[in-house]
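The block underneath contains the structure these notes are about, expressed in C-alpha coordinates.
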Amino acid sequence: MVYENPDGVKIGLEVHVQLNRLNTKLFCGCSTDYHNDEPNTHVCPVCLGLPGSLPVINERAVEFAIKIGLALNCEIVGQTQFHRKNYYYPDLPKGFQTTQYDYPIASRGKIVIEGEDGERIIRVTRAHMEEDPGRLQHIGTIEKSKGTLINYNRSGMTLIEIVSEPDMRSPKEARRYLDKLRSILDYLDVFNGDLEGAMRVDANVSVFNGERVEVKNISSFKGAERALLYEIMRQKNHVRRGGKIVLETRHFDEARGVTISMRTKEEEHDYRYFPEPDLVPMRVADRVPGILKALPELPDAKRERFISQYGIADMHARALTTEIRVANFYEEVASQVDPKTAAVWVADILKGELNYRDIGIDAFTVEDIVTVIGLVKEDKITEQSGVQIIRTVLDEGGRPQDIVVSKGLLKVEDDIVAKAVEEAVAESPEAVADYLAGKEKSLNFIVGKVMQKTKGRADAREARERVLARISK
Amino acid sequence: MITKEKVGHIGWLARIEIEEKESDAYAEKLNSVLDYFGQLDEVDTQGVAPTYHVMDIVNVFRKDEVRESMPQDVVLANTGHKQEGNFKAPRIM
Ligand SMILES: [Zn+2]
(Lines give C-alpha, C1' and ligand atoms only; values in the text may rest on other atoms or scores of the structure.)
Protein backbone atom coordinates (compact mmCIF):
# COMPACT_ATOMS: atom_id res chain seq x y z
CA MET A 1 0.00 0.00 0.00
CA VAL A 2 1.30 3.42 -0.90
CA TYR A 3 0.83 5.96 1.82
CA GLU A 4 -1.67 8.48 0.64
CA ASN A 5 -0.85 12.09 1.06
CA PRO A 6 -3.69 13.88 -0.70
CA ASP A 7 -2.84 17.20 0.96
CA GLY A 8 0.70 17.11 -0.38
CA VAL A 9 2.17 17.81 3.04
CA LYS A 10 5.94 17.99 2.99
CA ILE A 11 8.04 18.56 6.05
CA GLY A 12 11.79 18.98 6.26
CA LEU A 13 13.61 19.51 9.54
CA GLU A 14 16.79 21.27 10.59
CA VAL A 15 17.89 20.07 13.99
CA HIS A 16 20.58 21.81 15.99
CA VAL A 17 22.22 19.44 18.41
CA GLN A 18 24.52 20.81 21.08
CA LEU A 19 27.45 18.48 21.76
CA ASN A 20 27.40 19.10 25.49
CA ARG A 21 29.33 15.92 26.31
CA LEU A 22 32.48 17.66 25.11
CA ASN A 23 34.52 19.26 27.88
CA THR A 24 35.19 22.48 25.99
CA LYS A 25 33.67 24.68 23.31
CA LEU A 26 34.34 24.30 19.59
CA PHE A 27 37.15 26.83 19.19
CA CYS A 28 38.32 27.60 22.72
CA GLY A 29 39.02 25.96 26.06
CA CYS A 30 35.99 27.41 27.89
CA SER A 31 34.10 24.76 29.83
CA THR A 32 30.77 23.53 28.47
CA ASP A 33 29.42 23.04 31.96
CA TYR A 34 27.76 26.43 32.30
CA HIS A 35 24.11 25.61 32.91
CA ASN A 36 24.08 26.43 36.61
CA ASP A 37 26.58 29.28 36.49
CA GLU A 38 26.35 33.06 36.38
CA PRO A 39 26.03 34.72 32.96
CA ASN A 40 29.28 35.48 31.12
CA THR A 41 31.51 33.38 33.36
CA HIS A 42 32.37 30.78 30.68
CA VAL A 43 33.80 33.13 28.10
CA CYS A 44 37.23 34.09 26.82
CA PRO A 45 38.64 36.35 24.09
CA VAL A 46 37.99 33.66 21.45
CA CYS A 47 34.30 33.05 22.12
CA LEU A 48 33.78 36.77 22.70
CA GLY A 49 35.38 37.46 19.33
CA LEU A 50 37.81 40.00 20.76
CA PRO A 51 40.32 41.41 18.27
CA GLY A 52 43.49 39.36 17.94
CA SER A 53 42.03 36.16 19.38
CA LEU A 54 42.63 32.98 17.43
CA PRO A 55 40.21 30.03 17.30
CA VAL A 56 41.66 26.50 17.38
CA ILE A 57 39.36 23.60 16.70
CA ASN A 58 38.50 20.97 19.30
CA GLU A 59 39.74 17.64 17.93
CA ARG A 60 37.17 15.63 19.84
CA ALA A 61 34.37 17.78 18.40
CA VAL A 62 35.48 16.74 14.92
CA GLU A 63 35.50 13.09 15.96
CA PHE A 64 32.02 13.43 17.44
CA ALA A 65 30.83 14.99 14.18
CA ILE A 66 32.25 12.12 12.15
CA LYS A 67 30.68 9.64 14.58
CA ILE A 68 27.27 11.28 14.13
CA GLY A 69 27.68 11.41 10.36
CA LEU A 70 28.52 7.71 10.20
CA ALA A 71 25.63 6.78 12.51
CA LEU A 72 23.30 8.64 10.13
CA ASN A 73 24.67 6.64 7.19
CA CYS A 74 26.33 9.72 5.72
CA GLU A 75 29.36 10.09 3.52
CA ILE A 76 32.22 11.84 5.30
CA VAL A 77 33.96 14.49 3.25
CA GLY A 78 37.70 14.10 2.63
CA GLN A 79 38.68 17.70 3.20
CA THR A 80 36.57 20.35 4.85
CA GLN A 81 36.91 23.83 6.20
CA PHE A 82 34.94 26.51 7.99
CA HIS A 83 33.27 29.59 6.58
CA ARG A 84 32.15 32.86 8.03
CA LYS A 85 28.43 33.43 7.78
CA ASN A 86 28.01 37.15 8.15
CA TYR A 87 25.00 38.57 9.87
CA TYR A 88 24.59 41.36 12.32
CA TYR A 89 22.85 40.33 15.49
CA PRO A 90 23.94 40.69 19.11
CA ASP A 91 23.89 36.93 19.83
CA LEU A 92 27.15 36.78 17.85
CA PRO A 93 29.73 39.17 19.17
CA LYS A 94 31.96 38.73 16.10
CA GLY A 95 29.31 39.75 13.60
CA PHE A 96 29.54 36.37 11.91
CA GLN A 97 29.00 32.72 12.74
CA THR A 98 31.73 30.20 12.05
CA THR A 99 30.04 27.34 10.22
CA GLN A 100 30.53 24.87 7.40
CA TYR A 101 29.23 25.90 4.03
CA ASP A 102 30.08 24.08 0.81
CA TYR A 103 31.88 21.09 2.31
CA PRO A 104 29.82 19.90 5.29
CA ILE A 105 31.64 17.18 7.20
CA ALA A 106 28.83 14.68 6.51
CA SER A 107 26.24 14.47 3.75
CA ARG A 108 23.74 12.21 1.95
CA GLY A 109 22.62 10.01 4.84
CA LYS A 110 19.33 8.53 5.98
CA ILE A 111 17.28 7.79 9.05
CA VAL A 112 14.73 4.96 9.03
CA ILE A 113 11.52 5.67 10.90
CA GLU A 114 8.26 3.89 11.47
CA GLY A 115 5.86 5.45 8.98
CA GLU A 116 2.07 5.24 8.78
CA ASP A 117 2.45 2.03 6.77
CA GLY A 118 5.73 0.37 7.62
CA GLU A 119 9.26 1.68 7.50
CA ARG A 120 10.05 4.93 5.81
CA ILE A 121 13.42 6.35 4.85
CA ILE A 122 14.00 10.01 5.60
CA ARG A 123 16.97 11.35 3.69
CA VAL A 124 19.55 13.39 5.58
CA THR A 125 20.87 16.12 3.32
CA ARG A 126 23.82 17.10 5.46
CA ALA A 127 25.22 17.34 8.94
CA HIS A 128 27.64 20.17 9.50
CA MET A 129 29.52 21.74 12.38
CA GLU A 130 29.03 25.25 13.63
CA GLU A 131 29.25 27.36 16.75
CA ASP A 132 26.27 28.17 18.93
CA PRO A 133 25.43 31.85 19.36
CA GLY A 134 24.91 33.44 22.78
CA ARG A 135 21.60 33.57 24.56
CA LEU A 136 19.34 36.62 24.34
CA GLN A 137 16.78 37.45 26.95
CA HIS A 138 14.26 40.19 26.42
CA ILE A 139 13.58 42.41 29.40
CA GLY A 140 9.83 42.10 29.82
CA THR A 141 7.72 41.05 26.83
CA ILE A 142 9.11 41.18 23.30
CA GLU A 143 6.60 43.86 22.28
CA LYS A 144 7.30 46.20 25.18
CA SER A 145 10.86 45.20 26.01
CA LYS A 146 13.19 47.92 27.28
CA GLY A 147 16.26 46.06 26.13
CA THR A 148 17.95 42.73 25.65
CA LEU A 149 20.28 40.92 28.03
CA ILE A 150 23.06 38.87 26.46
CA ASN A 151 24.80 35.91 28.02
CA TYR A 152 27.70 34.53 25.98
CA ASN A 153 28.21 31.36 28.05
CA ARG A 154 26.55 29.38 25.25
CA SER A 155 28.46 31.23 22.56
CA GLY A 156 30.95 28.91 20.86
CA MET A 157 29.38 25.65 22.03
CA THR A 158 29.69 22.97 19.35
CA LEU A 159 26.54 22.49 17.32
CA ILE A 160 25.84 19.85 14.72
CA GLU A 161 23.12 20.98 12.36
CA ILE A 162 21.34 17.99 10.86
CA VAL A 163 19.29 18.90 7.81
CA SER A 164 16.75 16.51 6.30
CA GLU A 165 15.12 16.44 2.88
CA PRO A 166 11.41 17.37 2.93
CA ASP A 167 10.53 13.67 3.22
CA MET A 168 8.13 13.69 6.15
CA ARG A 169 4.42 13.61 5.39
CA SER A 170 2.83 14.38 8.74
CA PRO A 171 3.63 15.96 12.10
CA LYS A 172 3.61 12.47 13.58
CA GLU A 173 6.32 11.34 11.16
CA ALA A 174 8.31 14.43 12.06
CA ARG A 175 7.99 13.53 15.73
CA ARG A 176 9.18 9.98 15.01
CA TYR A 177 12.14 11.30 13.06
CA LEU A 178 13.11 13.52 15.99
CA ASP A 179 12.67 10.68 18.48
CA LYS A 180 14.81 8.38 16.35
CA LEU A 181 17.47 11.02 15.94
CA ARG A 182 17.58 11.60 19.67
CA SER A 183 17.76 7.87 20.27
CA ILE A 184 20.77 7.53 17.95
CA LEU A 185 22.54 10.50 19.53
CA ASP A 186 21.91 9.01 22.97
CA TYR A 187 23.53 5.78 21.84
CA LEU A 188 26.56 7.71 20.60
CA ASP A 189 26.88 9.44 23.96
CA VAL A 190 27.66 12.79 22.37
CA PHE A 191 25.06 14.85 24.16
CA ASN A 192 22.73 15.05 27.10
CA GLY A 193 19.30 15.74 25.67
CA ASP A 194 17.87 16.70 29.03
CA LEU A 195 19.90 19.90 29.26
CA GLU A 196 18.22 23.11 28.22
CA GLY A 197 18.74 23.93 24.54
CA ALA A 198 20.38 20.59 23.71
CA MET A 199 18.14 20.09 20.66
CA ARG A 200 16.46 22.91 18.76
CA VAL A 201 14.34 22.52 15.66
CA ASP A 202 13.49 24.61 12.62
CA ALA A 203 10.97 23.18 10.16
CA ASN A 204 10.12 23.68 6.49
CA VAL A 205 6.46 23.05 5.79
CA SER A 206 4.45 23.08 2.60
CA VAL A 207 0.96 21.84 1.67
CA PHE A 208 -0.59 21.00 -1.70
CA ASN A 209 2.99 21.00 -2.98
CA GLY A 210 3.07 24.77 -2.70
CA GLU A 211 5.66 27.21 -1.43
CA ARG A 212 7.49 26.26 1.73
CA VAL A 213 7.28 28.19 4.95
CA GLU A 214 10.06 28.08 7.50
CA VAL A 215 9.02 27.77 11.14
CA LYS A 216 11.79 28.77 13.51
CA ASN A 217 12.55 28.57 17.22
CA ILE A 218 10.89 25.29 18.14
CA SER A 219 12.51 24.31 21.41
CA SER A 220 11.01 20.89 22.19
CA PHE A 221 9.81 17.77 20.39
CA LYS A 222 6.31 18.15 21.73
CA GLY A 223 6.52 21.72 20.49
CA ALA A 224 7.58 20.50 17.04
CA GLU A 225 4.49 18.36 16.61
CA ARG A 226 2.23 21.17 17.82
CA ALA A 227 3.94 23.78 15.66
CA LEU A 228 3.59 21.58 12.57
CA LEU A 229 -0.06 20.72 13.25
CA TYR A 230 -0.84 24.41 13.60
CA GLU A 231 1.15 25.50 10.57
CA ILE A 232 -0.36 22.84 8.29
CA MET A 233 -3.86 23.76 9.41
CA ARG A 234 -3.12 27.45 8.88
CA GLN A 235 -1.77 26.89 5.37
CA LYS A 236 -4.66 24.63 4.35
CA ASN A 237 -7.26 27.08 5.63
CA HIS A 238 -5.49 29.92 3.88
CA VAL A 239 -5.46 28.07 0.56
CA ARG A 240 -9.11 27.02 0.93
CA ARG A 241 -10.08 30.63 1.43
CA GLY A 242 -8.39 31.39 -1.87
CA GLY A 243 -5.17 32.71 -0.37
CA LYS A 244 -1.70 32.07 -1.67
CA ILE A 245 1.14 30.72 0.43
CA VAL A 246 4.26 32.82 0.13
CA LEU A 247 7.81 31.95 0.98
CA GLU A 248 8.30 33.31 4.49
CA THR A 249 9.79 32.70 7.89
CA ARG A 250 7.50 32.29 10.87
CA HIS A 251 8.22 32.13 14.56
CA PHE A 252 6.59 29.49 16.79
CA ASP A 253 5.07 31.01 19.90
CA GLU A 254 5.23 28.09 22.32
CA ALA A 255 2.94 29.69 24.91
CA ARG A 256 0.10 30.35 22.48
CA GLY A 257 0.80 27.37 20.21
CA VAL A 258 0.69 29.48 17.05
CA THR A 259 3.14 30.55 14.35
CA ILE A 260 3.65 34.24 13.68
CA SER A 261 5.08 35.84 10.56
CA MET A 262 8.47 37.35 11.23
CA ARG A 263 8.30 39.62 8.19
CA THR A 264 12.02 39.21 7.67
CA LYS A 265 13.40 41.19 4.79
CA GLU A 266 14.86 39.13 1.98
CA GLU A 267 18.08 41.07 2.39
CA GLU A 268 18.82 39.47 5.72
CA HIS A 269 19.53 36.18 3.99
CA ASP A 270 22.47 37.75 2.25
CA TYR A 271 25.10 36.07 4.40
CA ARG A 272 28.16 36.72 2.23
CA TYR A 273 29.88 33.44 3.16
CA PHE A 274 33.62 33.36 2.82
CA PRO A 275 36.32 30.93 3.99
CA GLU A 276 37.36 31.45 7.61
CA PRO A 277 40.94 32.69 7.36
CA ASP A 278 41.78 31.94 11.01
CA LEU A 279 41.10 28.20 10.74
CA VAL A 280 43.06 25.95 8.43
CA PRO A 281 41.29 23.20 6.46
CA MET A 282 40.78 19.75 7.95
CA ARG A 283 41.65 16.50 6.22
CA VAL A 284 39.84 13.83 8.17
CA ALA A 285 39.35 10.91 5.79
CA ASP A 286 42.01 8.80 7.52
CA ARG A 287 40.10 8.97 10.79
CA VAL A 288 36.90 7.50 9.38
CA PRO A 289 37.76 3.76 9.47
CA GLY A 290 38.80 3.88 13.13
CA ILE A 291 35.69 5.76 14.20
CA LEU A 292 33.49 3.46 12.13
CA LYS A 293 35.00 0.46 13.86
CA ALA A 294 34.39 1.94 17.29
CA LEU A 295 30.76 2.86 16.52
CA PRO A 296 28.42 1.27 19.07
CA GLU A 297 25.56 -1.02 18.11
CA LEU A 298 22.78 1.39 17.09
CA PRO A 299 19.02 1.16 17.86
CA ASP A 300 17.96 -0.69 14.68
CA ALA A 301 20.74 -3.27 14.96
CA LYS A 302 20.08 -3.75 18.65
CA ARG A 303 16.37 -4.24 18.03
CA GLU A 304 17.04 -6.97 15.50
CA ARG A 305 19.50 -8.67 17.81
CA PHE A 306 17.05 -8.58 20.72
CA ILE A 307 14.41 -10.26 18.57
CA SER A 308 16.70 -13.06 17.43
CA GLN A 309 18.72 -13.48 20.62
CA TYR A 310 15.93 -13.26 23.18
CA GLY A 311 12.98 -14.35 21.05
CA ILE A 312 10.92 -11.35 22.08
CA ALA A 313 8.22 -9.58 20.06
CA ASP A 314 9.12 -6.72 17.72
CA MET A 315 6.93 -4.38 19.76
CA HIS A 316 8.88 -5.19 22.91
CA ALA A 317 12.22 -4.99 21.14
CA ARG A 318 11.30 -1.53 19.86
CA ALA A 319 10.26 -0.29 23.29
CA LEU A 320 13.41 -1.70 24.86
CA THR A 321 15.89 -0.25 22.37
CA THR A 322 14.67 3.35 22.04
CA GLU A 323 16.78 4.38 24.99
CA ILE A 324 20.26 2.95 25.40
CA ARG A 325 19.92 2.92 29.19
CA VAL A 326 16.70 0.90 29.00
CA ALA A 327 18.33 -1.51 26.53
CA ASN A 328 21.28 -2.07 28.86
CA PHE A 329 18.95 -2.43 31.84
CA TYR A 330 16.91 -5.04 30.01
CA GLU A 331 19.96 -7.06 29.00
CA GLU A 332 21.09 -7.24 32.60
CA VAL A 333 17.64 -8.41 33.69
CA ALA A 334 17.46 -10.91 30.82
CA SER A 335 20.76 -12.43 31.93
CA GLN A 336 19.18 -13.35 35.27
CA VAL A 337 15.59 -14.31 34.45
CA ASP A 338 13.69 -15.62 31.43
CA PRO A 339 14.20 -12.99 28.68
CA LYS A 340 10.60 -13.09 27.49
CA THR A 341 9.22 -12.58 30.99
CA ALA A 342 11.83 -9.86 31.51
CA ALA A 343 10.64 -8.11 28.33
CA VAL A 344 7.04 -7.97 29.60
CA TRP A 345 8.08 -6.64 32.99
CA VAL A 346 10.56 -4.06 31.71
CA ALA A 347 8.85 -2.91 28.49
CA ASP A 348 5.19 -3.07 29.48
CA ILE A 349 5.03 -2.71 33.23
CA LEU A 350 8.12 -0.88 34.48
CA LYS A 351 8.38 1.49 31.50
CA GLY A 352 4.68 2.24 31.81
CA GLU A 353 5.06 3.20 35.46
CA LEU A 354 8.16 5.29 34.69
CA ASN A 355 6.48 7.10 31.80
CA TYR A 356 3.45 7.81 33.96
CA ARG A 357 5.73 9.49 36.50
CA ASP A 358 7.92 11.04 33.78
CA ILE A 359 11.14 9.60 35.22
CA GLY A 360 14.00 7.60 33.74
CA ILE A 361 15.06 3.99 34.16
CA ASP A 362 17.72 5.07 36.68
CA ALA A 363 14.93 5.36 39.25
CA PHE A 364 14.77 1.57 39.45
CA THR A 365 17.43 -1.10 39.93
CA VAL A 366 18.02 -4.33 38.04
CA GLU A 367 18.21 -6.14 41.38
CA ASP A 368 14.74 -4.96 42.41
CA ILE A 369 12.99 -5.91 39.18
CA VAL A 370 14.70 -9.32 39.27
CA THR A 371 13.40 -9.77 42.82
CA VAL A 372 9.85 -8.86 41.79
CA ILE A 373 9.92 -11.14 38.74
CA GLY A 374 11.30 -13.94 40.92
CA LEU A 375 8.52 -13.59 43.49
CA VAL A 376 5.87 -13.79 40.78
CA LYS A 377 7.62 -16.66 39.04
CA GLU A 378 7.82 -18.67 42.28
CA ASP A 379 4.13 -18.00 42.76
CA LYS A 380 4.75 -16.24 46.06
CA ILE A 381 2.90 -13.12 44.97
CA THR A 382 0.37 -12.34 42.29
CA GLU A 383 1.30 -10.33 39.21
CA GLN A 384 -0.89 -7.53 40.53
CA SER A 385 1.10 -7.50 43.77
CA GLY A 386 4.28 -7.29 41.69
CA VAL A 387 2.97 -4.14 40.04
CA GLN A 388 2.01 -2.79 43.45
CA ILE A 389 5.56 -3.36 44.69
CA ILE A 390 7.02 -1.48 41.72
CA ARG A 391 4.68 1.44 42.39
CA THR A 392 5.58 1.46 46.07
CA VAL A 393 9.33 1.44 45.33
CA LEU A 394 8.88 4.37 42.92
CA ASP A 395 6.57 6.42 45.14
CA GLU A 396 7.78 5.65 48.67
CA GLY A 397 11.12 3.92 48.25
CA GLY A 398 12.13 0.74 50.05
CA ARG A 399 13.13 -2.74 48.97
CA PRO A 400 10.70 -5.16 47.34
CA GLN A 401 11.36 -7.91 49.92
CA ASP A 402 10.40 -5.51 52.74
CA ILE A 403 7.36 -4.16 50.92
CA VAL A 404 6.07 -7.69 50.41
CA VAL A 405 6.05 -8.20 54.17
CA SER A 406 4.86 -4.75 55.23
CA LYS A 407 1.97 -4.83 52.78
CA GLY A 408 1.17 -8.48 53.44
CA LEU A 409 1.44 -9.36 49.78
CA LEU A 410 2.76 -12.90 50.11
CA LYS A 411 0.25 -15.39 48.82
CA VAL A 412 1.13 -17.81 51.66
CA GLU A 413 0.52 -15.10 54.26
CA ASP A 414 -2.67 -14.28 52.49
CA ASP A 415 -3.85 -17.87 52.76
CA ILE A 416 -3.00 -18.03 56.45
CA VAL A 417 -4.93 -14.84 57.21
CA ALA A 418 -7.91 -16.01 55.15
CA LYS A 419 -7.94 -19.35 56.96
CA ALA A 420 -7.68 -17.67 60.39
CA VAL A 421 -10.60 -15.36 59.59
CA GLU A 422 -12.67 -18.32 58.49
CA GLU A 423 -11.92 -20.26 61.69
CA ALA A 424 -12.36 -17.30 64.03
CA VAL A 425 -15.78 -16.53 62.61
CA ALA A 426 -16.86 -20.19 62.77
CA GLU A 427 -15.71 -20.50 66.40
CA SER A 428 -17.53 -17.34 67.55
CA PRO A 429 -21.23 -17.64 66.64
CA GLU A 430 -22.30 -15.61 69.68
CA ALA A 431 -19.97 -12.71 68.96
CA VAL A 432 -21.18 -12.70 65.35
CA ALA A 433 -24.80 -12.60 66.47
CA ASP A 434 -24.02 -9.80 68.94
CA TYR A 435 -22.30 -7.76 66.27
CA LEU A 436 -25.18 -8.22 63.85
CA ALA A 437 -27.51 -7.10 66.67
CA GLY A 438 -25.60 -3.85 66.90
CA LYS A 439 -22.90 -4.53 69.46
CA GLU A 440 -19.95 -3.16 67.53
CA LYS A 441 -17.44 -4.06 70.21
CA SER A 442 -17.95 -7.79 69.79
CA LEU A 443 -16.07 -7.50 66.51
CA ASN A 444 -12.89 -6.91 68.48
CA PHE A 445 -13.24 -10.36 70.03
CA ILE A 446 -13.22 -12.04 66.61
CA VAL A 447 -10.35 -9.89 65.34
CA GLY A 448 -8.40 -10.79 68.47
CA LYS A 449 -8.85 -14.44 67.65
CA VAL A 450 -7.50 -13.86 64.12
CA MET A 451 -4.43 -12.15 65.54
CA GLN A 452 -3.94 -15.02 67.94
CA LYS A 453 -4.20 -17.65 65.20
CA THR A 454 -1.76 -15.84 62.89
CA LYS A 455 0.60 -15.17 65.80
CA GLY A 456 0.27 -11.47 65.13
CA ARG A 457 1.48 -11.65 61.53
CA ALA A 458 -1.76 -10.31 60.12
CA ASP A 459 -2.30 -6.58 59.87
CA ALA A 460 -4.98 -5.76 62.52
CA ARG A 461 -6.86 -3.29 60.37
CA GLU A 462 -6.83 -5.63 57.42
CA ALA A 463 -7.99 -8.52 59.66
CA ARG A 464 -10.87 -6.35 60.88
CA GLU A 465 -11.92 -5.57 57.32
CA ARG A 466 -11.77 -9.22 56.33
CA VAL A 467 -13.85 -10.30 59.34
CA LEU A 468 -16.41 -7.63 58.50
CA ALA A 469 -16.54 -8.74 54.90
CA ARG A 470 -16.97 -12.36 55.98
CA ILE A 471 -19.81 -11.58 58.42
CA SER A 472 -21.79 -9.33 56.13
CA LYS A 473 -21.68 -11.91 53.35
CA MET B 1 28.65 45.95 -11.86
CA ILE B 2 28.17 47.68 -8.52
CA THR B 3 25.57 50.41 -8.52
CA LYS B 4 24.85 53.11 -5.97
CA GLU B 5 21.90 51.02 -4.77
CA LYS B 6 24.16 47.99 -4.21
CA VAL B 7 26.52 50.10 -2.14
CA GLY B 8 23.56 51.15 -0.03
CA HIS B 9 22.52 47.53 0.42
CA ILE B 10 26.01 46.38 1.41
CA GLY B 11 26.19 49.26 3.85
CA TRP B 12 22.85 48.24 5.35
CA LEU B 13 24.04 44.64 5.80
CA ALA B 14 27.15 45.84 7.58
CA ARG B 15 25.16 48.41 9.57
CA ILE B 16 27.28 51.24 8.19
CA GLU B 17 25.61 54.48 7.32
CA ILE B 18 26.79 55.63 3.89
CA GLU B 19 25.90 59.07 2.73
CA GLU B 20 24.51 59.75 -0.71
CA LYS B 21 27.63 61.57 -1.91
CA GLU B 22 29.91 58.77 -0.65
CA SER B 23 28.00 56.11 -2.59
CA ASP B 24 29.36 57.14 -5.99
CA ALA B 25 32.95 57.04 -4.77
CA TYR B 26 32.48 53.61 -3.19
CA ALA B 27 30.77 52.24 -6.28
CA GLU B 28 33.67 53.39 -8.40
CA LYS B 29 36.30 51.87 -6.09
CA LEU B 30 34.45 48.58 -5.71
CA ASN B 31 34.01 48.33 -9.47
CA SER B 32 37.72 48.70 -10.03
CA VAL B 33 38.32 45.86 -7.57
CA LEU B 34 35.77 43.75 -9.44
CA ASP B 35 37.52 44.62 -12.69
CA TYR B 36 40.72 43.27 -11.27
CA PHE B 37 39.00 40.00 -10.38
CA GLY B 38 37.67 39.96 -13.91
CA GLN B 39 41.24 40.03 -15.16
CA LEU B 40 42.16 37.18 -12.81
CA ASP B 41 39.25 35.19 -14.19
CA GLU B 42 40.88 35.22 -17.59
CA VAL B 43 43.95 33.35 -16.37
CA ASP B 44 43.97 29.73 -17.49
CA THR B 45 43.78 27.59 -14.33
CA GLN B 46 43.17 24.23 -15.98
CA GLY B 47 44.91 21.50 -14.06
CA VAL B 48 45.67 23.72 -11.04
CA ALA B 49 44.33 22.36 -7.75
CA PRO B 50 42.06 24.81 -5.90
CA THR B 51 43.54 26.61 -2.92
CA TYR B 52 41.33 26.14 0.10
CA HIS B 53 43.39 28.33 2.30
CA VAL B 54 46.25 30.77 1.94
CA MET B 55 48.50 28.73 4.19
CA ASP B 56 49.37 25.28 2.98
CA ILE B 57 48.70 23.49 6.25
CA VAL B 58 45.87 21.30 7.48
CA ASN B 59 44.59 19.86 10.77
CA VAL B 60 45.56 22.26 13.47
CA PHE B 61 43.73 20.80 16.43
CA ARG B 62 43.37 21.41 20.13
CA LYS B 63 42.82 18.76 22.83
CA ASP B 64 39.43 18.85 24.54
CA GLU B 65 40.90 20.22 27.75
CA VAL B 66 39.36 23.01 29.80
CA ARG B 67 41.21 26.27 30.20
CA GLU B 68 40.25 28.97 32.61
CA SER B 69 37.70 31.48 31.37
CA MET B 70 37.76 35.19 32.17
CA PRO B 71 36.18 36.58 35.37
CA GLN B 72 32.81 38.18 34.78
CA ASP B 73 33.92 41.68 35.82
CA VAL B 74 36.79 41.55 33.32
CA VAL B 75 34.44 40.33 30.59
CA LEU B 76 32.14 43.29 31.21
CA ALA B 77 34.89 45.82 31.93
CA ASN B 78 34.81 47.49 28.53
CA THR B 79 31.11 48.18 28.37
CA GLY B 80 28.83 50.57 30.15
CA HIS B 81 25.87 48.57 28.92
CA LYS B 82 25.37 45.79 31.41
CA GLN B 83 22.81 44.40 33.83
CA GLU B 84 23.07 41.53 36.32
CA GLY B 85 26.16 40.06 34.69
CA ASN B 86 24.75 40.33 31.17
CA PHE B 87 25.64 42.61 28.31
CA LYS B 88 22.73 44.87 27.60
CA ALA B 89 21.65 45.65 24.05
CA PRO B 90 18.79 47.81 22.80
CA ARG B 91 15.42 46.20 22.26
CA ILE B 92 15.51 43.66 19.45
CA MET B 93 12.50 42.99 17.29
ZN1 LIG C 1 35.93 30.74 25.18
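The values are calculated or read from the model by the stated rules, or taken from the named source; none is laboratory data. Values in this document were obtained by computation on a predicted structure and should not be read as measured data. All Cβ positions, glycine included, derive from the backbone under ideal geometry; neighbour counts span all protein chains shown. Areas reflect the complete protein model, heavy atoms only, side chains present, ligands, DNA and RNA absent. Shrake-Rupley method; radii C 1.70, N 1.55, O 1.52, S 1.80 Å.
General remarks:
- Residues within the range A:18-34 that are part of a loop (DSSP other than H, G, I, E, B) and either of a type in the set (Lys, Arg) or within 15 Å of B:Ser69 (Cα to Cα) (or both), tallied: 11
- Residues in the range A:151-184 that are among the acidic types (Asp, Glu) and under 19 Å from A:Arg108 (Cα atoms): A:Glu161, A:Glu165, A:Asp167.
- Test result for A:Arg169, within 14 Å of chain B (Cβ to nearest Cβ) and open to solvent by 10 Å² or more (accessible area, probe 1.4 Å): no
Condition check ((1) aromatic (Phe, Trp, Tyr); (2) within 13 Å of chain B (Cβ to nearest Cβ)) across all residues:
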site	(1), (2)
A:Glu38	no, yes
A:Asn58	no, yes
A:Lys67	no, no
A:Ile76	no, no
A:Tyr88	yes, yes
A:Pro93	no, yes
A:Ser107	no, no
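- Residue within the range A:116-124 that is within 13 Å of another protein chain (Cβ to nearest Cβ), closer than 18 Å to A:Arg200 by Cα, at pLDDT 95 or above and surrounded by 17 or more Cβ atoms within 10 Å (Cβ to Cβ) present: no
- The residues of the range A:15-51 that are away from the ligand (no atom under 14 Å from the Cβ) and without any contact (Cβ under 8 Å) to a residue 24 or more places away in the chain, listed by number, are A:Asn36, A:Glu38, A:Pro51.
- Pairing residues of the range B:62-76 that are within 19 Å of A:Arg60 (Cβ to Cβ) with residues that are basic (Lys, Arg), at Cβ distances under 7 Å and at least 6 apart in sequence or on separate chains, gives B:Asp64/A:Arg60.
- Members of the range B:36-61 found to be outside any loop (DSSP other than H, G, I, E, B) and either surrounded by fewer than 11 Cβ atoms within 10 Å (Cβ to Cβ) or in contact with a Pro (Cβ under 9 Å, 6 or more places away or on another chain) (or both), listed by number: B:Tyr36, B:Phe37, B:Gly38, B:Gln39, B:Leu40, B:Asp41
- 3 or more residues polar (S, T, N, Q): qualifying helices (runs of 4 or more DSSP H) within the range A:279-383: none
- Conditions (1) under 26 Å from B:Val54 (Cβ atoms); (2) of a type outside the set (S, T, N, Q); (3) open to solvent by less than 30 Å² (accessible area, probe 1.4 Å); number of the one not met by A:Leu19: (1)
- Against the numbered list (1) more than 20 Å from the chain's Cα centre (by Cα); (2) surrounded by 13 or more Cβ atoms within 10 Å (Cβ to Cβ), B:Pro71 comes up short only at (2).
- The conditions of being open to solvent by less than 70 Å² (accessible area, probe 1.4 Å), within 13 Å of chain A (Cβ to nearest Cβ) and acidic (Asp, Glu) are met by B:Asp64.
- When the range A:319-337 is filtered for residues that are open to solvent by 10 Å² or more (accessible area, probe 1.4 Å), of a type outside the set (Gly, Ala, Ser) and in contact (Cβ under 8 Å) with a residue 24 or more places away in the chain, the ones remaining, listed by number, are A:Thr322, A:Glu323, A:Ile324, A:Arg325, A:Phe329, A:Glu332, A:Gln336, A:Val337.
- Taking (1) at pLDDT 90 or above; (2) open to solvent by less than 20 Å² (accessible area, probe 1.4 Å); (3) not aliphatic (A, V, I, L, M) in turn, A:Ser145 satisfies each apart from (1).
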